[in-house]
Structure formats: C-alpha cells, structure tokens
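The values are calculated or read from the model by the stated rules, or taken from the named source; none is laboratory data. Just so you know, these numbers come straight off a predicted model, no measurement behind them. Heads up, the Cβs are rebuilt from the backbone with ideal geometry, glycines too, and the neighbour counts pull from every protein chain shown. Accessible surface areas use protein heavy atoms only, side chains included; no ligands, DNA or RNA. Shrake-Rupley method; radii C 1.70, N 1.55, O 1.52, S 1.80 Å.
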Amino acid sequence: MKQPYEPTPPTAAAKATETLKSLPSFEDTQTQVQVAITQITATASQLIPSITWETPHEGSGDNCERPYEQTDGKRYFLPDRVATNVVVSEPTWAKIQEAAKGVAAQLEATQMQVMKDEPGNHDVGFYGPTGLFIKVGYRGNLVVSGYTGCRLPRDKK
Amino acid sequence: MTVTVADIERWSAESVREVFHAAGARGTATLEASRQLSSLAVFDTWEGSTAEARKHSNASIRQDLDAHGNESLAVAKAAGKAANDIEHVQSELRALRADAAELHMTIDPVSNKIVPGSSFNGPPMEALIAEMQLQPRLDAILAEANSVDAQLAAAINMADGDVPMPAAPHDNRPEIQQALSQPLPTDPRQLHDLWDKLTPEEKDWLYSRNHNIGNANGMAANDRDHYNRLNLADQLTSATAAAGRADALRAQHPDWAQGHNIPSPNEPGAIFDDRLAYEDWQRQYDAARGESKYLPDLQAVSKAVQASPDRKLMLLDTQTGKQARAAIAVGDPDTATHVSVTAPGLNTTVHGAIEGMASEATNVRTEALRQLSLTPGHANESVSAIAWIGYDPPQVSGFDQPGASLAGGWGVSHDDIAHAGAHDLAGFYDGIQAAHHDGPADLTAIGHSYGSLTTGLALQEPGDHGVSRALFYGSPGIEASAPQQLHLQPGHVFTMETPDDPIQWVYDGPPIAHGVAPLLPPPFNILAEDALAGADASGAGHFGPNPATNPNFTHLGTAPSVISDGHGGTLNLQGAHGHSDYPRFPDGGGLRTTNYNIAAVLAGLGNQAVPQK
C-alpha cells in the first residue's frame with residue numbers, strides 16, 4: 001500500500017494539463033451545464049405543468065482531484081433543481097430521461113450510468129470529459145443535477 | 001451583599017469618575033496617583049461588597065500603584081467604566097420611577113419591589129397589572145447594579161493586591177469575568193455555554209493568549225474556522241520565513257547541508273574558527289528547519305480550505321502530536337441535519353491527504369444531498385461531511401515518511417495509537433453535538449482502515465457521544481462485535497470490504513496465510529504476521545473479529561456493474577478494489593457502489609444502500 005493519495009506521476013500530470021487546455025473554460029462549462037439543467041427542467045415543466053422547481057441547497061466547488069490535482073483546474077457541483085412530491089408516470093419519466101440524454105450529449109456526456117431503474121424509483125447519470133455529469137432522478141421528488149468536471153478557469157488557460 | 005435601590009440612589013458617578021481621572025492622569029506617575037487615591041473618600045457612604053472590599057484597600061492601593069504603574073491605568077479604566085455604568089443604572093431607575101408614577105405606583109427602596117403609591121386608588125387588579133409590567137424592569141436594573149458593584153469591588157481588590165490583576169478584558173457579568181481568569185472548560189457543553197456568552201473582544205483576547213483556541217470542542221464552527229484560519233495564516237508566515245532562512249543557509253554551505261566537509265570538533269588547545277562557524281551555522285540551520293517542519297502541512301491545509309467557501313477549518317494543531325493534525329468540514333456542522341466524521345488510516349498525513357479527504361467529503365456530501373433531494377420529506381435536509389486527521393495514523397516506511405518503518409510497524413499492529421486517537425475523536429464528536437443548533441445532529445462515524453479501529457474505540461469511550469450510526473470499511477478490526485458495545489442501536493452499524501482488500505489477511509488464519517503474509521506489500525505483511533499469532537488462538541485478529549463478516553452488522557456491497565439493488569431493481573455502479581477505493585470517486589467520473597453507499601448511510605438513507613450480495 002502506498003500513501004492513500006499518491007500524487008499523479010509527472011508524465012500523466014503533464015498530459016492532464018494538456019487535456020484541460022483542450023476543453024472549454026471552467027466559466028463556460030458552468031454556464032453550459034446550467035443551460036442544460038434549465039433545458040431539462042423546462043421539458044419536465046412542459047410535461048407536468050403543475051411542477052414547481054426549488055433549489056434547496058447551495059452548489060459546492062473544489063480544486064480538482066487526480067489526475068488533475070497539480071493543475072489550476074476547478075470543479076463545481078451546481079445546485080440541484082428539485083420538484084417535490086410530483087407524480088411522474090413511467091411514460092413521462094421515459095421522456096424526461098430521453099430529454100436529459102439529448103441535452104447531455106451536447107456536452108459530450110454520453111456515458112450512461114443507471115443507478116436505480118424500477119417503477120417510481122429512477123436514478124440516471126450521463127458522464128462526459130473529466131467527470132462532467134448531468135443526472136436526473138425520481139423517487140417521489142424529481143431532481144436534476146449537474147457537475148462541471150475539472151476545467152481550467154479562463155485566466156489560467 | 002446585594003445592592004438595593006437605596007444603594008443605587010446613594011451612588012455618585014461623579015465621585016467614581018474622580019477616581020478614573022485621578023488614576024488615569026497619574027498612571028505614569030504612580031506615586032502621585034497613589035497619594036491622590038488614598039485621600040479620596042468616595043466609598044465611605046457605600047453599602048454592598050464594594051464597601052467591604054475597600055476596608056483592605058487604602059494602604060495597599062498605594063503600594064500596588066507604586067509598584068505597578070500599569071495597574072493604576074487598569075483601575076482607572078475600571079472606575080471609568082463603573083462611572084458610566086452607574087450613570088446608566090441611575091438613568092434607567094429614573095425612567096422607571098417616572099413610568100411608575102404615571103401609573104400611581106412607586107418603588108420600595110428597601111424591598112426592591114414595585115408597590116402602589118400613596119395616590120393609587122384603583123382596584124387591586126390594576127396594581128397587579130402595573131406591577132407585572134414594571135417589576136421585570138426593576139429586576140433588570142438591580143441585576144446590572146449588582147454587576148457594577150462587583151466590577152468596582154474587583155477593581156479595588158486588584159488594586160490592593162487581594163486578587164491578581166488579570167490582563168483580561170473587563171466584563172460586567174461576574175461569572176464571565178471569573179471564567180476569563182480561569183482555564184477554559186474542557187467539557188464541550190460547558191465550553192459552548194461559556195463561549196456563546198463572550199463578546200468578540202473577549203474571544204479575540206482568548207485567541208491572543210492561545211492560538212490553538214479554535215480547536216476547543218464545543219465552540220461554534222464559524223468561530224473554530226475563524227480562529228483556526230488566523231492561526232493558519234500566522235503559522236504559514238513564520239514557517240515560510242523559516243524555510244527561507246533554511247534555504248539561504250543551505251546556499252551558504254551546500255556541502256555542510258549534505259554532511260560533507262564538516263570541520264573536526266575542537267579540542268582544548270586546538271580551537272579552530274571554521275568549526276565554530278560550522279557549529280553556529282548548524283544551530284541556525286537546525287532551528288530554521290525545525291520551524292519550517294510543518295510548512296507542507298500548512299500549505300496543504302491552506303489550499304484545501306480556500307478551495308470552496310463552504311469549508312470550515314475545524315482543527316489545526318502542530319503542537320500536540322508527532323504529526324500535524326487538521327480537520328475540515330464541508331458544509332456547516334452546526335446547522336446540518338446530517339453530519340459525518342471520517343477518520344483515515346495507515347500512512348495518512350495532513351500534507352499528503354487533507355486535500356484528497358476534503359475533496360471526498362465534497363463528493364460524498366453532494367451525493368448525499370442529491371439522494372435526500374430525491375426522497376420526499378427530506379429535500380430540505382442539509383449535510384456536513386468532515387475529514388478528520390486528528391490523530392497520528394501509523395506511518396509505514398517507504399512511502400511517505402522514510403525512516404519511520406520500525407515505529408510504523410509497531411503502530412500498525414498495536415492499538416495504542418488508536419486508543420489515543422479515540423479519546424480525541426470522541427471529544428470531537430462531543431464538540432459537534434454541543435455546538436449543534438436546535439438539538440443533536442444526525443451524526444455518522446466513519447472509519448477507514450486503521451481509522452476504523454480508532455473510530456470503533458472512540459465509540460466505546462465512556463459517555464454518550466451522540467453518534468447515530470457507524471460505517472467501517474477496509475477494517476483490521478474494531479475491538480467490538482455487537483452494536484451495543486459501540487453504544488449504537490442494532491441495524492445502525494454498516495461495513496464494507498472489497499473482495500481483494502489485503503486487509504483480510506489480518507483475519508485469515510489458515511496455515512497458508514503464514515506462508516503468504518510475508519509476501520504481502522507493507523503494511524499488510526506486518527499487520528497479517530502479527531495478527532496471525534493472535535488469530536491462531538482466538539480466531540480473530542488482534543483487534544477483534546472482522547466487522548465485515550460479523551452477522552451483527554449490516555454489510556454493504558462493493559461490487560461493480562449491473563446488480564440487483566435488493567429492492568427489486570438493478571444498479572449500474574462501478575466496483576471498488578483493494579484497500580483505498582472505498583471513498584474515492586472514479587477518476588473518469590461516475591459512481592462506485594461504495595460512494596453511493598457512504599452517501600446513503602450518511603444521509604440516513606441506509607435502506608437505499610446497496611447490500612452485499
């Protein structure tokens with residue numbers, strides 16, 4: 001066993017920096033993820049007109065984790081958008097999930113992870129470069145989440 | 001002796017102010033100030049504790065002021081404040097008396113009661129209502145008057161040497177004034193109660209006397225963070241300067257720094273300047289290196305706390321242990337519905353791990369919030385996840401601290417370090433609960449590797465530490481086999497163990513293990529070989545049976561891919577491997593089963609966690 005948080009080796013760290021330079025800035029990505037979340041909530045609101053969206057928690061940021069921990073990269077979990085106590089039928093859920101998939105694809109978040117998939121209990125994530133994600137879930141409350149992954153701030157690119 | 005209304009009316013703020021002017025103006029000419037004070041008779045008409053205190057005062061006041069010029073200034077300050085306070089009390093009393101007169105009520109100066117005046121001719125109920133309105137105001141005035149009296153008595157006692165002069169800021173409240181002259185309470189609840197009553201100036205004064213004040217368990221998280229960040233900035237400045245001195249000294253004599261060309265020791269009759277120069281250099285070099293020893297830890301903590309505004313520096317300690325200690329909360333633990341404290345294991349250091357642990361805390365907190373958002377009735381609950389490196393985890397050579405192999409081997413195979421850490425960890429839990437708003441937090445104790453042993457022992461520390469549930473992963477044992485031993489309810493202890501976590505060799509007693517154990521990578525070879533000796537006799541490792549196979553605990557899954565979630569559905573989560581994956585989110589994104597489970601347990605949604613297959 002090595003130390004619990006072994007630093008990324010120099011070669012891989014240099015490659016990580018190059019990867020970040022090829023991606024949109026942290027600020028632009030945050031905007032893009034926010035737009036994606038808004039598009040999904042708008043679709044859900046069209047499908048279920050009675051929906052009211054809340055933002056019960058703040059977002060949360062950080063420096064980047066391996067293999068980007070030696071870069072100036074930043075990452076940010078946007079605040080969840082939550083509609084409490086809504087009835088989402090299975091066909092409606094399928095449409096919301098499909099909308100999320102399409103929106104996420106625009107951010108290259110095409111790797112799908114199904115965490116829950118049963119009637120009335122769904123939880124799906126779409127992952128993209130450096131961990132960026134769009135998630136939608138329903139367990140009585142409908143939730144849309146987004147995360148930038150690691151990106152370089154504009155002034156560090 | 002309690003002050004009465006009659007006493008208040010006799011008080012003369014002007015006379016007391018004379019003391020202030022006299023003591024203040026003559027603060028630097030103490031003989032003259034002493035003479036003037038001795039000639040003042042302002043206290044002669046006083047009753048109460050002030051009057052009693054003055055009996056001892058006159059002669060020794062002069063001696064004190066002669067000896068200590070600063071003390072006269074302190075007396076002046078106390079007298080000046082008392083004069084202001086007297087005016088305030090008397091002004092309040094006058095206002096109350098006027099209000100009472102309008103209602104045909106008056107104040108009995110002896111019994112300190114509001115009573116009907118001679119002009120009152122209404123029904124008894126009207127008098128009762130007026131009394132109910134006015135008496136609380138009178139009680140408040142009397143309480144303040146007693147405080148002023150005690151304050152001035154203390155000033156006189158200080159001046160005549162009956163009690164030592166405290167450097168503390170003055171406080172009208174006798175119990176606070178007394179508390180400031182004593183060590184702070186170590187009991188987190190008592191500390192919290194006291195701290196809550198202190199003024200910002202008093203808190204700053206306590207910090208000026210003890211820069212580690214922010215580590216006091218029971219202090220509000222915002223204040224812990226504030227004072228620990230001040231301490232961090234202070235230590236960073238001095239450690240950085242020391243590192244600069246060490247660099248400069250190394251540049252002066254790079255050969256000496258590498259142990260080359262060292263002048264021979266001097267002997268009687270053979271004293272050489274170069275040896276003297278070397279010894280002087282060496283003293284400075286050792287001192288500079290010693291003072292900059294924790295610079296990497298401080299830099300890592302600084303980077304971690306600055307990474308996001310939702311982080312709080314709950315602990316910073318470079319004095320107590322053999323290693324630096326630190327704890328960072330993500331989210332406010334004083335207001336969060338759910339709080340977790342994660343204790344790490346082998347080879348963890350602040351400089352090597354605090355950033356990674358804080359990142360994991362951010363990840364697991366965000367996932368816990370998301371799971372709560374999904375659950376009707378829980379969307380508005382909040383979460384704080386704390387990365388706690390508040391003890392000295394055993395260090396095994398070759399990875400982080402070269403040269404510590406022998407001590408690390410011992411530490412990893414014995415529980416003395418865990419016992420020492422457990423005491424501090426239990427105190428940290430107590431502090432979280434003492435400072436928590438609106439009743440206790442839903443507190444989850446999480447332990448990884450050797451940190452699970454520390455956590456298990458912390459939960460067995462005497463007393464109720466307010467922990468709701470525990471989660472152990474990659475555990476070499478927790479020295480307990482039932483939830484009750486941990487002061488937890490059945491069903492509230494969770495475990496995880498990956499199939500390929502080498503920690504299992506601690507428990508495996510078959511003869512083959514004796515052959516394989518030495519081949520394991522350190523520290524597992526040390527752990528396994530040592531534990532096997534105990535296992536032969538007891539069927540368990542040195543630290544008790546494996547919690548991950550104990551039927552009294554709930555075992556959660558670690559496996560990858562699409563699996564049944566145990567609730568009729570399926571899951572597609574990534575697997576965890578080895579000893580370190582449990583809290584670590586995959587590099588390329590996504591969730592591990594273990595990440596999902598830690599978040600679920602922390603959120604109090606353990607029923608949604610993925611059980612072990």
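Quick notes
- Failed item in (1) within 12 Å of chain B (Cβ to nearest Cβ); (2) in contact (Cβ under 8 Å) with a residue 24 or more places away in the chain; (3) farther than 22 Å from B:Tyr596 by Cα, with A:Gln3 passing the rest: (2)
For every residue, the table says whether it meets (1) outside any loop (DSSP other than H, G, I, E, B); (2) open to solvent by 10 Å² or more (accessible area, probe 1.4 Å); (3) at pLDDT below 80; (4) hydrophobic (A, V, I, L, M, F, W, C).
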| residue | (1), (2), (3), (4) |
| --- | --- |
| B:Val562 | yes, yes, yes, yes |
| B:Leu571 | yes, no, yes, yes |
| B:His579 | no, yes, yes, no |
| B:Tyr582 | no, no, no, no |
| B:Tyr596 | yes, no, no, no |
| B:Gly604 | no, yes, no, no |
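- Options A:Asp123, A:Asp80, A:Asp117; residue that is facing chain B (nearest Cβ under 8 Å), open to solvent by 50 Å² or more (accessible area, probe 1.4 Å) and farther than 23 Å from A:Leu23 by Cα: A:Asp117
- Candidates are the residues of segment A:127-154 that are in a loop (DSSP other than H, G, I, E, B) and either over 8 Å from the mean Cα position of the chain (by Cα) or among the hydroxyl-bearing types (Ser, Thr, Tyr) (or both); the one that is farthest from the other protein chains (Cβ to nearest Cβ) is A:Leu152.
Yes or no, residue by residue, for (1) among the acidic types (Asp, Glu); (2) touching a Pro at 6+ places or on another chain (Cβ under 8 Å):
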position	(1), (2)
B:Leu236	no, no
B:Ala242	no, no
B:Trp256	no, no
B:Glu267	yes, no
B:Gln282	no, no
B:Ala304	no, no
B:Ala307	no, no
B:Ala327	no, no
B:Val339	no, yes
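- Within segment B:139-151, residues that are within 11 Å of B:Leu96 (Cβ to Cβ) reach partners that are of a type outside the set (A, V, I, L, M, F, W, C) and assigned to a helix (DSSP H, G or I) with beta carbons closer than 9 Å, at six or more positions or on different chains, in the pairs B:Ala140/B:Glu92; B:Ile141/B:Glu92.
- Filtering segment B:81-90 to residues that are crowded, with 17+ Cβ neighbours inside 10 Å and farther than 18 Å from B:Arg173 by Cβ leaves B:Ala83, B:Gln90.
- Considering residues of segment A:1-15 that are part of a loop (DSSP other than H, G, I, E, B) and hydroxyl-bearing (Ser, Thr, Tyr) only, the residue least open to solvent (accessible area, probe 1.4 Å): A:Thr8
- Of all residue pairs spaced 6 or more apart or on separate chains, those with beta-carbon atoms under 7 Å, a first member in segment B:596-613 that is touching a residue at least 12 places away in the same chain (Cβ under 8 Å) and a second member that is aromatic (Phe, Trp, Tyr) are B:Val601/B:Phe494; B:Gly606/B:Phe494; B:Val610/B:Tyr596.
- Residue within segment B:356-366 that is over 27 Å from B:Ala300 (Cα atoms) and either of a type in the set (Asp, Glu) or at the interface with chain A (Cβ under 9 Å from one of its Cβ atoms) (or both) present: no
- The listed residue being of a type outside the set (A, V, I, L, M), at pLDDT 65 or above and buried (at least 19 other Cβ atoms within 10 Å of the Cβ), out of B:Gly544, B:Gly575, B:Gly588: B:Gly544
- In this structure, A:Pro91 does not satisfy being farther than 18 Å from B:Glu367 by Cα and within 13 Å of chain B (Cβ to nearest Cβ).
Listed here are the residues, each with its yes/no results for (1) within 14 Å of chain B (Cβ to nearest Cβ); (2) touching a residue at least 60 places away in the same chain (Cβ under 8 Å); (3) not acidic (Asp, Glu).
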{"site": "A:Ala13", "(1), (2), (3)": "yes, no, yes"}
{"site": "A:Ala16", "(1), (2), (3)": "yes, no, yes"}
{"site": "A:Thr31", "(1), (2), (3)": "no, no, yes"}
{"site": "A:Ile37", "(1), (2), (3)": "yes, yes, yes"}
{"site": "A:Ser45", "(1), (2), (3)": "no, no, yes"}
{"site": "A:Glu58", "(1), (2), (3)": "yes, no, no"}
{"site": "A:Pro67", "(1), (2), (3)": "yes, no, yes"}
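- Summed over segment A:101-114, residues that are outside any helix (DSSP H, G or I) and either more than 12 Å from the chain's Cα centre (by Cα) or within 9 Å of chain B (Cβ to nearest Cβ) (or both) total 6.
Listed here are the residues, each with its yes/no results for (1) away from chain A (no Cβ under 14 Å); (2) open to solvent by 10 Å² or more (accessible area, probe 1.4 Å); (3) among the small types (Gly, Ala, Ser).
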{"position": "B:Gln433", "(1), (2), (3)": "yes, yes, no"}
{"position": "B:Pro440", "(1), (2), (3)": "yes, yes, no"}
{"position": "B:Ala458", "(1), (2), (3)": "yes, no, yes"}
{"position": "B:Asp464", "(1), (2), (3)": "yes, yes, no"}
{"position": "B:Ser475", "(1), (2), (3)": "yes, no, yes"}
{"position": "B:Ile478", "(1), (2), (3)": "yes, no, no"}
{"position": "B:His492", "(1), (2), (3)": "yes, yes, no"}
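- Residue within segment B:327-348 that is more than 9 Å from chain A (Cβ to nearest Cβ), under 23 Å from B:Tyr429 (Cβ atoms), surrounded by fewer than 24 Cβ atoms within 10 Å (Cβ to Cβ) and polar (S, T, N, Q) present: yes
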